[in-house]
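As C-alpha cells, the structure follows; a few thoughts come after it.
Coordinate-derived values only; no laboratory data. Not measured: the values here are computed from a predicted model. Note: ideal-geometry Cβ built from the backbone for every residue, glycine included; neighbour counts use all protein chains shown.
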Amino acid sequence: CGGAALALIPAQTVICMENGWVSPLPPEGASVISHRTPDRAAEMARVQGVAALALRDAGVVDLVAGEGSDLPGRVADVIAVTLGRS
C-alpha cells in the first residue's frame, strides 16, 4: 500500500499482512529515485523500515498476520479478541 494506508495507522489495533508494508512512497519508487531502477525495492524497504516486521518492531503495527488459506478466520479471531467478544 502507499500513502493512503497511512490514514489507517491511528486505529486502535493495526494488523499488517506478513508481506505488507506502509509508506508514503512505495519501495519501488524509492529505488527508482535512489538507484534509477526498481530492482532494488527490497533493499529500499529494509532501509526505509517499512516492511511488516520492522513496523511491528517499531510499534507501528500491533500484529503481523501470516498469509495463507486460514487468514480470514485468524483475522476474525484477532478482531473478536480485540473487541472483547472471544
Worksheet entry | Local net charge near residue 31, Cβ-Cβ under 10 Å (Lys/Arg +1, Asp/Glu -1) | -1
Worksheet, complete the sentence: With R₀ set to 35 angstrom, the calculated FRET efficiency between the beta-carbons of residue 42 and residue 80, to the nearest 0.05, is 0.55
Item to complete: Please quote Rg/Rh for region 27-70 to two decimal places, taking the Kirkwood radius as Rh and restricting both calculations to Cα atoms.
Response: 1.12
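Multiply the residue separation of residue 60 and residue 25 by 0.36 nm, subtract the distance between their alpha-carbon atoms, and state the gained length in nm to one decimal.
10.9 nm
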Worksheet, complete the sentence: Per-residue Cβ contact counts at 10 Å, fewest first, order 55, 25 as 25, 55
Worksheet item: Averaged over all directions, how much area does the convex hull of the C-alpha atoms of region 3-82 cover when projected, in nm²?
Response: 5.7
